[in-house]
């Protein structure tokens, strides 16, 4: 019997498997101490009433997710980021009314985080060259926050038909009026305190990770295709928020230990760990059709970006959407050892997930439904 059939035969929700395995890890390494009841909503498939997902239960999961994220980020003084996650949770139901194919991103963030904790526990990932602290600190700034820019992407997508119609009218009239341009992000979102440009910080880390991406070229590609990338927005928002916190507690941005409110605001932590976490956010959603993502994310060079892309791509269970299939966590499984990861996914989405992972990742063996995807 192959891995897929053997594991699915047991029909245990993947989140329950993960949580049973990492409860001690969450408390010991991530300082997250919560009861089994806190996690219970995440360990069963979304309930259905007359064959339709119970939206009330899903909204309850959203609120529980925000509570958990607040605890995760609050330990490191970054709970203000949760404000923006709360904004996403509050507008997502309205977004889904306008665009019913849009999927959940709030509960998804918690499931992605838990999945990453599990992988880090069981896999022998290399030590990051761009870090002061171990993975738990950086992963807490990736898993829960990687989609905080999603409201901006959706808002831009909703505006696109309007902009296209206006520009079409100007072309039809042979008008000399300048065409309306769509910037890939909001003006000044990239500017930090002391006139530092976060694009430069992220570009430097991208170069160190050997990804071959030129940020300016990617922005031009997004603009020419009328796209906004929520990964870019998430990265810039996170850096701008955390930079302001560092400026408050370490205004001279000194590379030495400066403790305020029980936390260390050493600028070196920002330059390494925070920038690395934000760079992982930046690259996690880059369109697979973009030609400028020249090199794959190598686990040996960029383990944090590798982990986020893998976890985000695999986390497809219990993702609510009104007009898309919702797959039960009982149809997924994961098994890890030091040097390989085996995933089980429903056959309907096996091709999509396999193609994305094989196109973007290298440096660590990954199997999907017993097929080698990354070697």
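Structure above, values below:
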quantity	calculated
Restricting region 205-214 to residues that are assigned to a helix (DSSP H, G or I) and touching a residue at least 24 places away in the same chain (Cβ under 8 Å), the residue that is farthest from residue 241 (Cα to Cα)	208
Test for residue 310: is it touching a strand residue (DSSP E or B) at 6+ places or on another chain (Cβ under 7 Å) and closer than 26 Å to residue 349 by Cα	yes
Count of region 356-375 residues which are part of a loop (DSSP other than H, G, I, E, B) and in contact with a helix residue (DSSP H, G or I) (Cβ under 6 Å, 6 or more places away or on another chain)	2
Residue ID - modelled with the highest pLDDT, chosen from residues in region 297-316 that are over 13 Å from the mean Cα position of the chain (by Cα) and buried (at least 24 other Cβ atoms within 10 Å of the Cβ)	297
Residue under evaluation residue 294, criteria (1) in a loop (DSSP other than H, G, I, E, B); (2) at pLDDT 90 or above; (3) surrounded by fewer than 20 Cβ atoms within 10 Å (Cβ to Cβ), criterion not met	(2)
Criterion (modelled with pLDDT of 60 or more and within 18 Å of the chain's Cα centre (by Cα)) met by exactly one of 85, 114	114
Test: residue 238 is buried (at least 16 other Cβ atoms within 10 Å of the Cβ), touching a residue at least 12 places away in the same chain (Cβ under 8 Å) and either within 11 Å of the chain's Cα centre (by Cα) or under 23 Å from residue 110 (Cβ atoms) (or both)	yes
Qualifying residue in region 70-79 (condition: outside any loop (DSSP other than H, G, I, E, B) and at pLDDT 85 or above)	no
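The values are calculated or read from the model by the stated rules, or taken from the named source; none is laboratory data. As the structure is a computational prediction, the values presented were derived from the model and not from experiment. Note that we place each Cβ from the backbone using ideal geometry, even for glycine, and neighbour counts take in every protein chain shown.
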